[in-house]
1. Take the alpha carbon atoms of the stretch 490-551, find their center, do the same for the stretch 308-324, and report the distance between the two centers in whole angstrom.
2. Would you mind working out the magnitude of the charge dipole of the stretch 408-523 relative to its Cα centre, with +1 at each Lys and Arg C-beta and -1 at each Asp and Glu C-beta, to the nearest 20 Debye?
3. How much length, in nm to one decimal, is gained on full extension between L64 and R351, taken as 0.36 nm per residue of separation minus their Cα-Cα distance?
4. Considering Cα pairs under 8 angstrom that are at least six residues apart, work out the relative contact order of the stretch 276-352 and quote it in whole percent.
5. Between exposed GluC sites (Glu not before Pro) in the chain, where DSSP calls loop and at most 14 other Cβ atoms lie within 10 Å, what's the longest gap?
6. Relative to the longest principal Cα axis of the chain, at what angle does helix 135-146 sit, 0 to 90 degrees, rounded to 10?
7. Which FRET efficiency value, to the nearest 0.05, is calculated for Q127 and M286 with the Förster distance at 56 angstrom and r the Cβ-Cβ distance?
8. Given 0.36 nm per residue, what is the gain on full extension from L242 to K526 after removing their alpha carbon distance, in nm?
Amino acid sequence: MPTELTQPHASIGNILTKFGVITPEQLKEALGQCDPEQRSLGPVLISLGFATEEKISKAVSLHLGIPFFTTFEGLLDPEAARGIPEAMARKLLVVPVFQDDEKLTLGMVNPTDFKALDQIAGLKGVQVQPVMTSLSNLFTAIQEVYMPGKTVAGDAGAPGEARQPAAAAVGSVVDALNGLLEEGMARLASDIHLEAAETQMRARFRVDGMLQDAKTFPKDIEAALVARVKILAKLDITETRLPQDGHLRFIYGGRGVDVRVATLPTVHGEKVVMRLLDSTKSLRKMKDLGIDAGILARFSEAIASPNGLILVTGPTGSGKTTTLYSALSELNKPDRNIVTLEDPVEYVMDRINQMEAFAKIGLTFASGLRAILRQDPNIILVGEIRDLETAEIALQASITGHMVFSTLHTNDAISCVHRLLNMRVEPFMIAAALRGVLAQRLLRRLCDKCKRPLQLSGKQLTELGLPDKPGACFEPVGCHACFNTGYAGRIAIHEWMPVTRTVRELIMRKASVDELRAAVDSEGFKSIRRTAIDKAMAGETSLEEVLRMAREQTEA
């Protein structure tokens, strides 16, 4: 147990007082009962009722910066124990947890037992990375690795104590994670959040753009649940102090689902976000995206141009990629070479050459775009314009005969021009290259099974700029079919800013946003807010959603 650490009593005592496990007075009393020749502070503290084995282990874990696992359930790979006899594991107080080509993760009671670490490393011929656990869990794990399926009534390390699998009340860690992924898919979630709290771990689903509480897990399986995600995503389970990114894949309903994984250290433990990317989901045609007929006609005409830059703008999660993929599918013909650079690739498309950006090895949007231009492309999709270098290459490519699609994070279509100018892109390049900007938002669709008519007051009609008799208008209620949210699915709303001769002249002289808006308004521009109100008046969404979008635009 951690009391065997190769440190003096006072050092261990200082660690425990530092993390509030014991008080200075309790340390003084326990030290008075310790044998000076033996490192036995831990058992004394436990016998006096001042601390528990788990609390001592966790404090030492924090001090050493080595992860502590209450349970290894769902993480143990018996193949990792190959070549390590069970008797040796029990003698050294270690258990092989997981191994890849480069490293063996080793559960230990004392992670500073360098003799044991060297001995195991010599046997396995790979780097050994220790993680901490309690003595009781160590013997439970040894039993599972070396004698799977047998019940432990007691063992050499802890005579007479019955051993039961940890966290039995919530099922195995494997089942818990599988259940989360399957429920997330069933509820059409875009993301699954695992959030560490002080006394539990909370799971939430993002459905139709809004987070919903799903379930909670006991704190004692938190580390194992996060580690299970990391193992599947090929992340370092021993690194808990730095953010990590990876991906995993699982099968749901006979089809493959890619999951983008991101971890983040927080004060109560690691937070994990899993983005569900159903790569086999069929692409929607542009006519099925819900784009206003007038906007769709002008957008379709613009993407059919032989060259130029088309931008789709909106906040994260507003469906920009779906719209661009639908446009590419319309243009995907045998006589065209289409190349994409994305982060990540969300849909796999036949006859389109798709590449993922990987900044860690220098494959940025800018460097990748340069490489694409040497591949004789007709049409290029760049996932996002994030900086001046990428913007200049994309604009130059569109001027020199390529059709370029990309996204930009701006509040509306008109602001896109000033976003590029703020990046210090030359006005003449924007005016020459830009064909048009499509701004997009997603609003929650009212549940058809429970929505009810809403009577608007005269004041509300005036505030919204609506006529006295606006037509159908509904509000959310909530029922079993929509998980009591009042909404089921989402609808897209758009605005399209074509770059006309007038707009080009305004861009060239760096006209203000208000001047640009006045110019496009005079040419029949329909704002995204007006489109949203029309959707509410048609009973597709609620005025509550329209006002929420308006607030987000104001705050952005």
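Every number in this text was worked out from the coordinates using simple rules, so none of it is lab data. What you see is a predicted model; the values in this text were computed from it and never measured. Ideal geometry is used to build each Cβ from the backbone, glycine not excepted, and the neighbour counts take in all protein chains shown.
1. Comparing the Cα centres of the stretch 490-551 and the stretch 308-324, I get a distance of 15 Å.
2. Roughly 380 debye, rounded to the nearest 20.
3. Result for the pair: 98.1 nm of gain on full extension.
4. Once normalised by length, the contact order is 45 percent.
5. After excluding every exposed loop site, the longest remaining stretch is 199-522.
6. For helix 135-146, the angle is close to 80 degrees.
7. Calculated transfer efficiency: 0.60.
8. Going from the current span to full extension adds 97.7 nm.
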